[in-house]
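Structure, as structure tokens:
Rule-based calculations on the coordinates, nothing more; no lab input. If you're wondering where the values come from, they're calculated on a predicted model, not measured in any experiment. In this analysis, Cβ positions are derived from the backbone assuming ideal geometry, glycine residues included, and neighbour counts consider all displayed protein chains.
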Amino acid sequence: MLEIKNLHARIADGREILKGVDLEVKAGAVHAIMGPNGSGKSTLAGVLTGKPGYEVTQGQVLYQGSDLLALAPDARARAGVFLAFQYPVEIPGVNNMYFLRAALNATRKQRGEPELDAGQFLKAVRAKLKLLEIGEDLLQRGVNVGFSGGEKKRNEIFQMAMLEPKLAILDETDSGLDIDALQTVAKGINALRGPERAVLLITHYQRLLEHVVPDRIHVLAGGRIVKSGGKELAAELEKTGYAAFGDAA
Amino acid sequence: MSGALAEIGPYVEAFKRRGPKSEPGWLAARREGAMKRFAELGFPSRRQEAWRFTNLQSLQKASFPPAAEAAAIETAALASWRYPGEAHRLVLINGRFSPDHSAIGVLPKGVYLASTAQTLKERPDLLQSALRETDAIGGQPFVSLNAALFEDGFVLALEPGAALDKPVEIAHFGTGGQRSFHLRNLVLLGAGSRATLIESYAGAGDYWTNAAGVIDLGQGAALTHIKLQDESASAIHLAQNRIELGRDARYESFALTLGAKLSRHDSQARLEGEGAECHLDGAFLLRGQQEATNVTFADHAAPRGTTRELFKGVAEGSAHGAFLGTIAVRPNAQKTDAHMLNKNLLLSPRAAIDTKPELDILADDVKCGHGATVGDLDDEALFYLESRGLPAPEARQMLIAAFAADALDRIENQDLRAFLDVHVQRWLAGRES
């Protein structure tokens, strides 16, 4: 599904943040990327989804066998790559429902599927809303406008559930969530798991990984993957912390 | 002949040729006086602060003699700007009342609605006092020219306590021919009365609409006022309204500027009674070579007044927009609560927007604020939309639409909002990039 080879990337001021990331995620797998603050986790998510402000200086990213980095952000999304934002953006004046329907139909159009009309869309929406315990009234508002921190994160997962991506990248989705919200979000992520999909969970804490159990865990430190292991690695990190990797930079 | 004289010459001539009319003597005297003032003032210069950002070249280069008579047009020509709901509808073509296209219908008790020419015959008293007030606006040459040359317009007068449930729709249409239309409008709301007014300006070809209005709101009266300026792309539109608010009166306005190659919308509000509330909102969406200025002046002359202003501008192509807003608070206008915001979006490197919000506060116990921004679309919002699969042009369009929608949200009445939204959507659909 996703192959990252020797990926180097820098930010606008020239600082190199990713210094040779290698990672392979197969269809059906859930991988977690953990690491200390400033290790490059969010940069990796940004580079994979085409967020402006990053320059790839070396390496390659293959998504379903083809060059992901050659695609514009919207084309990546329509090809099935989804980013759940660490800080979802508030967009006053753009209605949530309207936006999501336009996004979903853009993707369906690309896949050669018929666009959903308002009625069909609403039906699909209601099923997913229930799963994520989101009130329908929230969708009548501007995108993320007036949402609490938890509501924003749930809205990200709701959008993911609607768009049914093949590769979901979740950037610190667990941060700022109370335990109930965390469980709801985890339920949403688990509902998406399947043999055709892959999930990349980016997190600082192991908390989320108790609810969404990953197949592999990687530690990103100093812009590289410095350790990989099974799900038991999370508990180990919880005990030792990231201090051992801090000097890898 | 100097440049200034060359500019005003055709209008002075037109006034002379106007000939005697069967008008009351006081009106003839007013017209003489107004013409004299116009000749003295001449066209405004960009050296005058209030006209600094308005390029009047297209008005100065050509002359627009006043239209001599009404023109006949097909009803279909007006369809695009018609308010879809029920309304008392008064249509003016080339500055003159068109009975054929109007449908005033049955007015509730205590409500008077007629063309200005008709009012001069039926109720000259209404106009006599109102015209005196308009003349009092100093340094406004186009208002003076209007006072000298006007033939028609509309008058809406409500007796104390009267209420209009259906909106009054005033639709003006210009048919070109390089003519000028000088509309003189009057809205008088007696104590405790309430009304909704929709004004639309549209047309085809080359012409100049020069509208001047007086809006007088008595104690506790409430007016909702929507204006759609969607003039022909080669037209000129200048409009000035003077709004007087009595005690606890409420004025809610929204002016949408879409059309005309050169336009100016000028709202001069005076909060004369205690506790008056004034909303001056609007949006201007410009493209091509358009020049548009929006001017607001909220003059707090009594305590406990409230002013709320939001104007949002979008400019693409080589368009130029300007916002000049002033909130003045007189020494006795304590407990004034006034806020003004102007936000602008520049969508092309050649487009420009000037913004000049000003507070002039002479009282010490007030809450006043203002803000202004000029910028491009928010990159983070753009990326968010793109990251969900929306192509960049569609994402940009969505954000521009949202920017405009945010302004329209100030309109509480959803039917009125929907009416303007149709035109905003049409503008968006015709975007260049």
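Of all DSSP beta bridges confined to segment A:2-246, the antiparallel ones make up roughly 55%.
Hey, can you list the DSSP H helices of chain B whose Cα span along the axis is 20 Å or longer and whose average Kyte-Doolittle score is at least -1.0? The qualifying helices are B:3-17, B:25-41, B:392-408, B:414-429.
The local environment of residue B:86, defined by Cβ-Cβ distances under 10 Å, has a net charge of -1 under the rule Lys, Arg +1 and Asp, Glu -1.
Close amide H pairs (under 5 Å, H built 1.01 Å from N) link residue B:339 with B:307, B:308, B:309, B:369, residues at least 5 positions away or on another chain. My understanding is that a pair violates if its Cα-Cα distance is over 24 Å; which of A:153/A:227; B:61/B:356; A:41/A:152; B:21/B:121 do that in this structure? Long pairs (Cα-Cα over 24 Å): A:153/A:227; B:61/B:356. Candidates B:212, B:255, B:197 compared by Cα position along the dipole of segment B:3-379: farthest toward the positive end lies B:212, with charges placed on Cβ. Peptide B:207-218 has a mean of 0 when you count, residue by residue, the C-beta atoms of other protein chains within 10 Å of its C-beta. Peptide A:97-110 is shielded by partner chain Cβ atoms: per residue, an average of 3 of them sit within 10 Å of its Cβ.
Relative to the Cα centre, the charge distribution of segment A:79-121, modelled as +1 at Lys and Arg Cβ and -1 at Asp and Glu Cβ, gives a dipole magnitude of about 120 debye.
To the nearest whole percent, what portion of all C-alpha pairs in segment B:368-433 is separated by more than 15 angstrom? For segment B:368-433, the fraction of Cα-Cα distances above 15 Å is 60 percent. If you take every residue apart from residue B:199 with its C-beta less than 10 Å away from the C-beta of residue B:199, what net charge results, scoring Lys and Arg +1 and Asp and Glu -1? Charge balance near residue B:199 sits at 0. Taken one residue at a time, the phi angles of segment B:105-121 give Karplus couplings (6.51, -1.76, 1.60, θ = phi - 60°) of x, 8, 8, x, 4, x, 10, 10, 9, 7, 6, 5, 4, 5, 5, 4, 7 Hz. Gly and Pro are set to x. Here segment A:95-188 is treated with +1 on each Lys and Arg Cβ and -1 on each Asp and Glu Cβ, and its dipole about the Cα centre works out to around 400 debye. Taking a ≥ b ≥ c as the square roots of the Cα gyration tensor eigenvalues, with a/c under 1.5 meaning rounded and otherwise prolate when a/b beats b/c, else oblate, which class fits segment B:3-379? Rounded. Segment B:144-221 and segment A:37-81 have Cα centres spaced 58 Å apart. Grab the other residues whose beta carbon is less than 12 angstrom from that of residue B:420, score K and R as +1, D and E as -1, and report the net. Residues near residue B:420 contribute -2 overall. Taking a ≥ b ≥ c as the square roots of the eigenvalues of the Cα gyration tensor of segment A:125-249, is the shape rounded (a/c under 1.5), prolate (a/b larger than b/c) or oblate? Judged from the Cα gyration tensor, segment A:125-249 comes out prolate (a/c at least 1.5, a/b above b/c). Taking amide hydrogens as placed 1.01 Å from N in the peptide plane, the amide H of residue B:354 sits under 5 Å from those of B:321, B:322, B:323, each at least 5 positions away in sequence or on another chain. Could you point to the residue in A:206, B:363, B:413 farthest towards the positive end of the protein assembly as shown's charge dipole, with +1 and -1 charges on the Cβ of Lys/Arg and Asp/Glu respectively? Toward the positive end, the furthest listed residue is B:413. Over all Cα atoms in segment A:2-246, the spread is summed up by Rg and Dmax: 17.6, 54 Å.
Backbone geometry of segment A:138-145 corresponds, through the Karplus equation with coefficients 6.51, -1.76 and 1.60 at θ = phi - 60°, to 3J(HN,Hα) couplings of 4, 7, 7, 8, x, 3, 6, 6 Hz, x marking Gly and Pro.
Centre-to-centre separation between the Cα atoms of segment B:252-330 and those of segment B:1-70: 25 Å.
Projecting the Cα positions of B:148, B:181, B:225 onto the charge dipole of segment B:133-226 (unit charges on Cβ atoms of Lys, Arg, Asp and Glu, taken about the Cα centre) puts B:225 furthest along the positive direction. Using the average count of surrounding beta-carbon atoms within 10 Å as a protection proxy, the listed peptides A:88-97, B:220-229 rank, highest first, as B:220-229, A:88-97. Partner shielding of A:158-165 amounts to 1, given as the average count of beta-carbon atoms from other chains within 10 Å of each residue beta-carbon.
With the gyration tensor restricted to C-alpha atoms of the protein assembly as shown, the semi-axes of the equivalent ellipsoid amount to 60, 24, 23 Å, longest first. Distances between placed amide hydrogens fall under 5 Å for residue B:225 paired with B:197, B:252, B:253, B:254, all partners being 5 or more residues away or on another chain. This model, with +1 at the C-beta of Lys and Arg and -1 at the C-beta of Asp and Glu, gives segment B:3-379 a dipole about its Cα centre of some 760 debye. 3J(HN,Hα) along segment A:211-228, derived from phi through the Karplus expression 6.51 cos²θ - 1.76 cosθ + 1.60 where θ = phi - 60°, amounts to 9, 10, 7, x, 7, 9, 10, 10, 9, 9, 8, x, x, 9, 7, 9, 7, 9 Hz, with x in place of Gly and Pro.
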